[in-house]
Each structure stands twice: as C-alpha cells, then as structure tokens.
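Participant: Below is a structure I'd like to ask you about.
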Amino acid sequence: MREVAKFGAVGGAGLLVNLLVFNLVRHLTGLQVVRASVIATVVSIVFNYIGFRYFTYRDRDKSGRTKELTLFLLFSAVGLVIENGVLYAATYGFGWDSPLQSNVFKFLGIGVATLFRFWSYRTWVFRALPARETVASAEAILDAQPARTRARADI
C-alpha cells in the first residue's frame, strides 16, 4: 500500500507536469495537439524517473543503472504510445480537438498508460532486492562493527 501511495504521489506530480507542459506548448507554440502532447510526455518521463528512483523506489536494487534506465525508457516509450494513441484517436479519428476535449483525452490516455507503467516499472525496472542479498548485506554491516559495540548491543 505504501508503494502504491508513493507511486501515486510521484505520478500525480508527473500528471500535473504533463498537463501543464501540454497546455503551455499547445497554446504558446501552435504545435499540433499530439506533437505538443509528445513533448509534454517526454518532460514528464524525465520528471517521473527522478521521482521514482529517488523517492518511490529508493530502496530497490541500484546495481545496473544502465539496464534500469534502458528498461525505464523502453517501458516509458510504450506508455507514451498508449497515452498519445488515445489522444490521436480522439483528435484525428473522431475530430474531438477542442481544448477541453484534448485535455480529457490526454488525461484518459495518461490513466491507461499509468496502469501499464506501474506494472512494468515495478516488475522489470525497479526490482526488489532478493532476500538473501539483503540478509548478506545486513550481516556484512554487523561483521564490520567493532566487537565492543556488538557486546553492548547484546546486553
């Protein structure tokens, strides 16, 4: 439950970043809706990686950062396609492209993509440390303590 809450906090902040950048880019640059959305999604992916790595999943395995980042970007790219595919279908398939409609379908796309991202990040990217590695790490810390400190702890 705690993990879901942390994921939700980072995701909620990422959602706000995504929607804010989307609306700013769309209204200040005149870019097409889906292009503005892709830019916003990329900005929120960077924001979310930092939040997930250093807040939500800070206790997870930190070895293999290159692999972690590669998997994160791969699954984020799939999420980007899901998120912007919903917006694309609404805009170009149904002609729903008013600012309100664009925001509604952007939000809906983010929701669908979030389900995929939560599962993939948790399962493949930010993997939990195996229990035996955790125990070995704790034992190494205890072995490193001076004998006097351990004797006091036993009392």
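Coordinate-derived values only; no laboratory data. The shown structure was predicted, so the numbers you read here are calculated from the model rather than taken from an experiment. Note: ideal-geometry Cβ built from the backbone for every residue, glycine included; neighbour counts use all protein chains shown.
Participant: Please work out the Cα center distance from the stretch 79-105 to the stretch 1-61, rounded to the nearest Å.
Facilitator: 17 Å
Participant: For a footprinting-style exposure proxy, rank VAL38, VAL33, VAL104, VAL43 by other Cβ within 10 Å, fewest first.
Facilitator: Details: VAL38 20, VAL33 23, VAL104 14, VAL43 17.
Lowest to highest Cβ neighbour count: VAL104, VAL43, VAL38, VAL33.
Participant: Shifting gears a bit: What number, in nm² with one decimal, is the all-direction average of the projected area of the convex hull of the alpha-carbon atoms of the stretch 5-73?
Facilitator: On the way: hull surface 19.6 nm².
The orientation-averaged projected area of the Cα hull of the stretch 5-73 comes to 4.9 nm².
Participant: Can you sort THR66, THR41, THR114 from fewest to most other Cβ atoms within 10 Å of each residue's own Cβ? Intermediate results must be reported in sequence, preceding the final value.
Facilitator: Numbers: THR66 7, THR41 25, THR114 18.
By the 10 Å Cβ count, ascending: THR66, THR114, THR41.
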